[in-house]
Amino acid sequence: MKVKVIKDCYYNEEYIKAGRVINIKCDSLPSWATLADGIETRKDERKEAPKVQDDDKKVDDKKEVNEALDTTKEDAEYLEILINEGIEKGILIEDADKKTIQEQIKELEEKLKGEK
């Protein structure tokens, strides 16, 4: 493999100064060299690329978050409709700030069904 020496080193019982292009018989790139075509490869950059499966998992996680946000938005809109209907009929939820959206929806639906 053709490499460009980036710092002075010893290779094959020879002292080599930085800037020289040489052929080496290693499978991996030594820390004192870069590829002769000018692309520098550092030791920490030689790690394996992440597997596609990991990227797919990230995409799935984002989908799940977006779906949860959409569901929460739909629940909030439905809750707002129920609250407006409840106000028209004089029905209110006690301690609404201490209850989840789903608990408020359930309570309002039960109270509104009892009114009809």
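Read-outs: derived from the displayed coordinates by stated rules, not from any lab. Since this is a predicted model, take the numbers as computed values, not measurements. Glycine gets a Cβ as well: all are built from the backbone with ideal geometry, and neighbour counts include every protein chain shown.
One table, with the values for the structure above:
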read-out	value
Residue-count net charge about residue 21 - beta-carbon cut-off 9 Å; Lys, Arg +1, Asp, Glu -1	+3
Total formal charge among the other residues, if their Cβ is under 12 angstrom from that of residue 99, Lys/Arg +1 and Asp/Glu -1	-3
Share of alpha-carbon pairs per 5 Å distance bin for segment 52-115, given as whole %	4, 17, 21, 17, 10, 8, 8, 6, 5, 3, 1, 0
Contact order normalised by residue count of segment 52-115, Cα under 8 Å, 6+ apart, percent	32
